[in-house]
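Asker: This is the structure I have questions about; it appears just below.
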Amino acid sequence: MLRKTWMGAVVVASLLVTGCAASAAEPPASPAASSTETSSAEAGSAEPSHTMPDGTVMTGAEHGAHGSGHGSALEPSAAAEMICEGQVTASIASMLDLPDEVEPTSTWNAPMLTCTYDIDGSPLTLSVHDTADLEVGEAHFAELQGSIEGARDIEGLLGLGMPSFTTDAGKVAFLRDGMTLLVDATRLPAELAGGTMTRDEVAYAVASAVLVCWVEHD
């Protein structure tokens, strides 16, 4: 327990320091692209823009939709899509000490976006229940926790002030703004990153990486 608590604290501290920045392999953004938001009053007819983790620039309207954090029946929200791209993909490669980033496969079955990373033949699965209805989101989270054997609340600072749960087998979930993030590392090897991390530690670290991106890009 002490090792898990220490590991989780280190992961969270590291992520809060580095934030959801672009990966080191990406070229630096130009000053115009990396500017945060410019009001239409200051820039005439130009829309506000925001640089995403993968280097793409979102218009003000797109960023507003992202800030709401919820998708539609036609497509997932930009926040949900972060589980399959950008710094989350880079973070997974880094924390698991992989030689290259893994390109995940994804499925969208509204309101659920699922993204699966093939880690040396074993799946690491991230999913987001993406809904704009807070009550629906809370009900889904409660039902999910009740359906998973051994699920227990994440206590203290590691809960990051959100409803959350973990299992020794390697599942971690957080509820934020109605969206439920679930990371399932149960089918990965028992020891990862050269034997320095367990499944539940990887699940928590990956969930933390996603949450930092969500918070930073609200």
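Each value in this text was obtained by applying a stated rule to the coordinates, not by laboratory testing. Given the structure is predicted, the values throughout are model-derived calculations rather than measurements. Note that each Cβ is placed from the backbone with ideal geometry, even for glycine, and that neighbours are counted across all protein chains shown.
Asker: Looking only at the range 168-197, count every residue that is in a loop (DSSP other than H, G, I, E, B) and surrounded by 20 or more Cβ atoms within 10 Å (Cβ to Cβ) and tell me the total.
Answerer: Residues in the range 168-197 being in a loop (DSSP other than H, G, I, E, B) and surrounded by 20 or more Cβ atoms within 10 Å (Cβ to Cβ): 4 in total.
Asker: I'd like to know if the range 207-216 contains one or more residues that are under 15 Å from the mean Cα position of the chain (by Cα) and either in a loop (DSSP other than H, G, I, E, B) or of a type in the set (Asp, Glu) (or both).
Answerer: Yes, the conditions are met somewhere in the range 207-216.
Here is a yes/no grid of residues against (1) assigned to a helix (DSSP H, G or I); (2) of a type in the set (Lys, Arg); (3) touching a helix residue (DSSP H, G or I) at 6+ places or on another chain (Cβ under 8 Å); (4) exposed (fewer than 15 other Cβ atoms within 10 Å of the Cβ):
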{"site": "ILE83", "(1), (2), (3), (4)": "yes, no, yes, no"}
{"site": "SER94", "(1), (2), (3), (4)": "yes, no, no, no"}
{"site": "ASP100", "(1), (2), (3), (4)": "no, no, yes, yes"}
{"site": "TRP108", "(1), (2), (3), (4)": "no, no, no, no"}
{"site": "THR116", "(1), (2), (3), (4)": "no, no, no, no"}
{"site": "SER127", "(1), (2), (3), (4)": "no, no, yes, no"}
{"site": "ALA132", "(1), (2), (3), (4)": "no, no, yes, no"}
{"site": "PHE141", "(1), (2), (3), (4)": "yes, no, no, no"}
{"site": "LEU144", "(1), (2), (3), (4)": "yes, no, no, no"}
